[in-house]
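Colleague: Can you read through this structure? Questions will come right after.
The values are calculated or read from the model by the stated rules, or taken from the named source; none is laboratory data. Everything numeric in this text was worked out from a predicted model, so none of it was measured. What goes into the accessible areas is simple: the full protein's heavy atoms, side chains included, and nothing from ligands, DNA or RNA. Shrake-Rupley method; radii C 1.70, N 1.55, O 1.52, S 1.80 Å.
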Amino acid sequence: MAAVLSIDQKVEILNLDKTIYGSIVPSNAVELVDYEINLPQIVIARQIIPYSELRLFEFDAESPDQDSAYLTVLINKERKLILKKDLQYSFLS
């Protein structure tokens, strides 16, 4: 199962204790949106392609129905949380 994120504002990635693990922040570029990716280590995810017309952020994920407030994604085989509020995402089973 995977979650594909559409990021048009700052997204914080949280540890399970709700401390900040990292973030993905769009730049102010008008034509092509580039991102500042702030993560503490090399990230193993399905796909992260921030610098092309695709702008794809795809993570292994648990069903979004499990938590009404957070999307649970897997980064480096560890569970992380992303606040669902104001986040556009699709879930692929």
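Colleague: Rolling a 1.4 angstrom probe over the protein chains, ignoring ligands and nucleic acids, what is the accessible area of Ser27 in square angstrom, nearest 10?
Modeller: Roughly 50 Å² of Ser27 is accessible to a 1.4 Å probe.
Colleague: Moving on. Under 21 Å between alpha carbons, and skipping anything fewer than 8 positions from Lys10 in its own chain: which lysines qualify?
Modeller: Candidates past the 8-residue exclusion: Lys18, Lys80, Lys84, Lys85.
Colleague: Let me ask something additional. Keeping all protein chains in position, work out how much accessible area Ser90 exposes to a 1.4 Å probe, and write it in Å² to the nearest 10.
Modeller: 50
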